[in-house]
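Asker: Mind having a look at this structure? Questions to follow.
The values are calculated or read from the model by the stated rules, or taken from the named source; none is laboratory data. What you see is a predicted model; the values in this text were computed from it and never measured. Please note: Cβ atoms are built from the backbone with ideal geometry, for glycine as well, and neighbour counts cover all protein chains shown. Each accessible area value is taken on the protein alone, full model and side chains, heavy atoms only, with ligands, DNA and RNA left out. Shrake-Rupley method; radii C 1.70, N 1.55, O 1.52, S 1.80 Å.
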Amino acid sequence: MSNVITAKNLTLSYEEDGEVIKNATLTIKKGDFVFITGPSGSGKSTLLKSFYGNLQPKGGSLVIGGLDMIDIKKSKLQELRTHLGIVFQDYKLVNEWTVEKNVVLPLWISGYSEEVQSTQARRLLHHVKLSGKENKYPLELSGGEQQRVGVARALAKNPFLILADEPTGNLDEFSSNVIWDLMENACQQLDTTVVVVTHKIPMVFNIPYRHFTIDEKGSVYEVH
Amino acid sequence: MKFIKRHISLIFPLVAILLGLEFFIVFDRTTDSYEKSLSSNYSIMVVANDEMSIDDFKELDNHILGVKELPKPKALDIIYNTKNKNLDIAIPNFYEIKLDNLLGIKALAKVKDNLLESKSIKRIETFRSTYKSQYELFTFIKFSFGTFIFFMSVIGFFLIVKQMEVWNFMHAQRMKVMEIFGASLFLRSKVLISMAVVDAIISSILTSSMFVSLQNMWISDTQMEILKEHVSDVFLFSDFFILLFASIVVVLIAVFLVVINVKAE
Ligand SMILES: Nc1ncnc2c1ncn2[C@@H]1O[C@H](COP(=O)(O)OP(=O)(O)OP(=O)(O)O)[C@@H](O)[C@H]1O
Ligand SMILES: [Mg+2]
């Protein structure tokens, strides 16, 4: 099985001093389901940011989907991003677009036909229990509903790698389980690699998973 | 209503700049013929001992465009033809000189000096006083007009930059999200480009119609002869394309400034 994420002695920081992630070494294979936990401020979101190329590593090496992320070319990064499914902690929906338009953003960027876009939007919104809200705007939705739109968007193009930052942070147990089911399915049926940052690993989880944790000092360990 | 609100803040300064530009074009075009008429009304009278050709004059000064020989005063003819036929009195020749364009006061004095360098030229008459006041008034108007247009354009440009900051704020979120999902620069700025181009087209149409109505309504009633004479010069159809081109260049520069200023967080 090929490696989707390979980090060796990866060091991440925002300023010159004060490293957020220190010497992280981890290998994530195709089809892995990975949970990342850790205290608030430990650097979970920061680690994900480096995975989608929004933060250049300060040290070590990082390879995502076969691409060396150190000094990656803009065009290569752009191409890589069209194959990722990202869920943000703060959703990052486009407020002036309808729910449907938000969901199909990855398809639209890749130039899929309107027909494919609207079929896929309807299917995904049905999955995240938001049927009928296609033409609403994000600010007309509750926080939890917005979060589910964010998850639907991440799944829209069947990405090879899903990077989800607290995808159930604002959801009750029922809605959370809907999201976990979707991600389990993507992992099992499409062999998608899934990396999920969460502060609470679900009690009931139906597929094998790996678990990394980041401590206060920014060191990354595999728990099990 | 929403459409108007969204566009007015860019259209307004754009129209201000385009009005300035079109006024400048029109002013240049109408006063160009005025300048020509001013210089053709103006002539220098030269009294010369010998007969001189146009080339002789042109050799003396290159601003000289044309020369017209004036009929000799009748009295001189009579004297020449009757009493003094055997006396060797040189009867002077009179010439009226036309200049190629409207010259400044100093340049005109230089022409005069150049002409006087010729041995055969005895006297030069100029109509300095009327010419000078007309010319100075004209340059003053031209200068104040240019200054006015310049400041209008500067203010217009600042308003556009201000509006761009608003756009930057309004569109930054969307463009950032699109960038993270791998959208190209063109795709990210497509909305802005189309909005800006629509505004550029609207502004050009507005400005053009202002000038067309100016041409058709105001000028026919005005007392200003110079405008009446050149009423067809006030707006040419090709001006629309000049305005459209200028406004599209301005808005594309503005869009480009917005897009490169949106950085991924
Ligand atoms: N854009 C930024 N600029 C500077 N420092 C940042 C930035 N984003 C995060 N940090 C710092 O990096 C550290 C890790 O932040 P990060 O967001 O990765 O934490 P986290 O583990 O995701 O926390 P939480 O569970 O609260 O989301 C924090 O100390 C934070 O202050
Ligand atoms: Mg976080």
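Asker: Do the conditions hold for A:G144, that is, is it within 16 Å of ligand 1 (Cβ to nearest atom) and open to solvent by less than 60 Å² (accessible area, probe 1.4 Å)?
Answerer: No.
Asker: Restricting to the range B:177-204, and then to whatever is touching a residue at least 24 places away in the same chain (Cβ under 8 Å) and over 15 Å from B:V258 (Cα atoms), can you tell me which residue is farthest from the other protein chains (Cβ to nearest Cβ)?
Answerer: Filtering the range B:177-204 for residues touching a residue at least 24 places away in the same chain (Cβ under 8 Å) gives B:179-180, B:185, B:188-189, B:192-193, B:195-204.
Restricting the remaining residues to those that are over 15 Å from B:V258 (Cα atoms) gives B:180, B:198-204.
Values: B:I180: 6, B:V198: 17, B:D199: 18, B:A200: 22, B:I201: 23, B:I202: 21, B:S203: 24, B:S204: 27 Å.
Only one residue fits best here, namely B:S204.
Asker: Filter the range B:111-161 for residues that are at pLDDT below 80, exposed (fewer than 15 other Cβ atoms within 10 Å of the Cβ) and over 22 Å from the mean Cα position of the chain (by Cα) and give the result.
Answerer: B:E125, B:F127, B:R128, B:S129, B:T130, B:V161
Asker: While we're looking at this one, here's another question. Checking A:H83 against (1) facing chain B (nearest Cβ under 9 Å); (2) more than 16 Å from ligand 2 (Cβ to nearest atom); (3) out of contact with any Leu (no Cβ under 9 Å at 6 or more places or on another chain): exactly one of these is not met. Which one?
Answerer: (3)
Asker: Answer yes if at least one residue in the range A:6-24 is under 14 Å from the mean Cα position of the chain (by Cα) and within 16 Å of ligand 2 (Cβ to nearest atom), and no otherwise.
Answerer: no
Asker: Here are B:K85, B:K68: which of them is at pLDDT below 70 and more than 30 Å from B:A246 (Cβ to Cβ)?
Answerer: On the way: B:K68 fails: at pLDDT below 70.
Result: B:K85 is the single residue among B:K85, B:K68 that is at pLDDT below 70 and more than 30 Å from B:A246 (Cβ to Cβ).
Asker: Scanning the range A:190-213 for residues that are more than 22 Å from A:F160 (Cβ to Cβ) and out of contact with any helix residue (DSSP H, G or I) (no Cβ under 6 Å at 6 or more places or on another chain), which turns out most open to solvent (accessible area, probe 1.4 Å)?
Answerer: A:M203
Asker: From the residues in the range B:183-200 that are among the polar types (S, T, N, Q) and within 13 Å of B:H171 (Cβ to Cβ), which one is surrounded by the most Cβ atoms within 10 Å (Cβ to Cβ)?
Answerer: B:S189
Asker: While we're on this one: Report the residue count in the range A:32-62 for those that are among the β-branched types (V, I, T) and either assigned to a loop (DSSP other than H, G, I, E, B) or surrounded by fewer than 17 Cβ atoms within 10 Å (Cβ to Cβ) (or both).
Answerer: Count: 0.
Asker: Something else: Among what's in the range A:150-167 and is surrounded by fewer than 23 Cβ atoms within 10 Å (Cβ to Cβ) and outside any strand (DSSP E or B), pick the residue that is nearest to ligand 1 (Cβ to nearest atom).
Answerer: A:E166
Asker: Then there's this: So which of A:P39, A:P57 ends up being away from chain B (no Cβ under 14 Å), under 26 Å from A:E184 (Cα atoms) and either among the small types (G, A, S) or in contact (Cβ under 8 Å) with a residue 24 or more places away in the chain (or both)?
Answerer: Exactly one residue qualifies, and that residue is A:P39.
Asker: Being more than 9 Å from chain B (Cβ to nearest Cβ) and open to solvent by 70 Å² or more (accessible area, probe 1.4 Å) is the filter here; which residues of the range A:86-102 pass it?
Answerer: The answer is A:Q89, A:D90.
Asker: Give the range A:6-31 a look and list any residue that's more than 10 Å from ligand 1 (Cβ to nearest atom) and buried (at least 21 other Cβ atoms within 10 Å of the Cβ), or say none.
Answerer: Taking the range A:6-31 and keeping what is more than 10 Å from ligand 1 (Cβ to nearest atom), we get A:6-11, A:16-17, A:22-31.
Listed by number, the residues that qualify are A:A7, A:L10, A:A24, A:I28.
Asker: Could you go through the range A:139-148 and let me know if any residue there is within 14 Å of chain B (Cβ to nearest Cβ) and out of contact with any helix residue (DSSP H, G or I) (no Cβ under 6 Å at 6 or more places or on another chain).
Answerer: Checked the range A:139-148: at least one residue is within 14 Å of chain B (Cβ to nearest Cβ) and out of contact with any helix residue (DSSP H, G or I) (no Cβ under 6 Å at 6 or more places or on another chain).
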